[in-house]
Amino acid sequence: MPRLKQKHYQQRLLSAMAIYIAVLVLIWPLVRTTTSTPLKWLIALAPLPPMLYVIALMARRIRDSDELEQRTHLIGLGVATGVVGVLSLVGGFLASAQVLTLDGSILIWVFPLMLACYGVTRWAVARQYGDDLGCDPSDSMALHWRLIIGAGMFAFVALFAFLKHDDFLTGMMAGMAGSFAVLALAKGVIYWRKHHLARLESHDGR
Amino acid sequence: MNNSVRELRSEQGWSQADLAEQLDVSRQTVNAIETGKYDPSLPLAFKIAKLFGHPIESIFVPGEG
């Protein structure tokens with residue numbers, strides 16, 4: 001099987017995340033009003049398939065990686081496992097001692113936290129081996145486009161929260177969407193300037 | 001470890017992407033090897049030596065960086 005290109009990986013990942021958010025916002029809330037137990041199970045687990053797809057994508061990406069990429073994946077996954085493990089232990093001990101009240105829904109945050117730790121660590125490790133590692137515009141989706149898609153996802157949730165009259169969620173999601181949009185704009189301008197200057201230099205060189 | 005991968009690649013007129021494709025690694029890995037930020041494994045070093053037709057010890061030499 002050929003290596004999955006970074007751009008294709010990012011496109012598939014973002015599509016899965018968009019489906020995940022849509023399911024979480026549009027389908028998952030129905031679990032509270034459903035009376036049938038099998039249907040409750042089905043709706044409660046509806047966000048799982050896109051997440052399983054993301055895990056399969058990651059597994060394929062790591063399997064097809066070269067030796068340096070595998071090293072960065074290993075360190076990223078190691079740090080993520082360590083951080084989530086320690087936080088779970090701390091939470092578990094505090095909850096058992098009844099110092100802190102935690103309900104089961106906190107488990108939802110385990111996987112996103114793990115992915116965030118993995119992503120940040122991998123990015124930091126990759127930078128040590130070269131500034132452009134994993135950020136090569138020729139084989140990955142430009143950052144400003146990824147930020148625009150992220151802003152769109154947050155805006156979608158904000159709109160849904162607004163229609164549901166949830167002021168707190170509307171404010172939070174609209175703020176996130178705005179922040180992502182501003183970042184996308186800044187990155188887009190930097191990207192455009194860089195390419196514009198490169199074009200001018202190549203034109204002068206002729 | 002010091003290496004002469006960049007010089008050998010330039011002699012062949014290959015881009016980093018061309019070399020990466022022939023070695024079945026990412027372009028970023030080629031860049032990390034050339035800049036001395038990453039020392040390749042023995043199998044990859046042999047693959048590089050075979051590709052350029054030079055003995056491994058003439059491409060990779062012990063040293064700082």
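Each value in this text was obtained by applying a stated rule to the coordinates, not by laboratory testing. Given the structure is predicted, the values throughout are model-derived calculations rather than measurements. Don't worry about glycine lacking a Cβ; one is built from the backbone with ideal geometry, like all the others, and counts go over all protein chains shown.
Points worth noting:
- Qualifying lysines (Cα of each under 24 Å from Cα of A:LYS164; at least 8 residues distant if same chain): A:LYS40
- Highest-first packing order for the peptide set A:51-63, A:86-98, B:21-33 is B:21-33, A:51-63, A:86-98, based on the mean count of other beta carbon atoms within 10 Å.
- Highest-first arrangement of B:53-62, A:39-48, where packing means the average Cβ count within 10 Å: A:39-48, B:53-62
- Using the Karplus relation 6.51 cos²θ - 1.76 cosθ + 1.60 with θ = phi - 60°, the per-residue 3J(HN,Hα) values for the range A:27-38 come to 9, 4, x, 5, 4, 6, 9, 7, 9, 5, 5, x Hz, with x marking Gly and Pro.
- Pairwise centroid distance, computed over Cα atoms, of the range A:76-114 with the range A:45-69, Å: 22 Å
- Test item: A:65-73 mean partner chain Cβ contacts at 10 Å: 5
- Evaluating 6.51 cos²θ - 1.76 cosθ + 1.60 at θ = phi - 60° for every residue in the range A:50-63, the Karplus couplings come out as x, 5, 5, 5, 4, 4, 5, 4, 4, 4, 5, 5, 5, 4 Hz, glycine and proline recorded as x.
- The mean count of C-beta atoms from other chains within 10 Å of the C-beta of residues in B:28-35, rounded to a whole number, is 6.
- Among A:121-127, A:24-30, sorting by the average number of other beta carbon atoms lying within 10 angstrom of each residue, highest first, gives A:121-127, A:24-30.
- Subtracting the Cα-Cα distance of A:ALA44 and A:ARG60 from their residue separation scaled by 0.36 nm leaves 3.0 nm.
- Counts of other chain beta carbons within 10 angstrom of each beta carbon in peptide A:186-198 average 0.
- Relative contact order of the range A:142-206, taken over Cα pairs closer than 8 Å and 6 or more residues apart, is 38 percent.
- Secondary-structure-derived ellipticity at 222 nm for the protein assembly as shown, considering helices only, amounts to -23000 deg cm²/dmol, per-run term -39500 (n - 2.57) for DSSP H runs with n ≥ 4.
- Net charge over other residues, Cβ less than 12 angstrom from the Cβ of B:SER4 (K, R count +1; D, E count -1): -2
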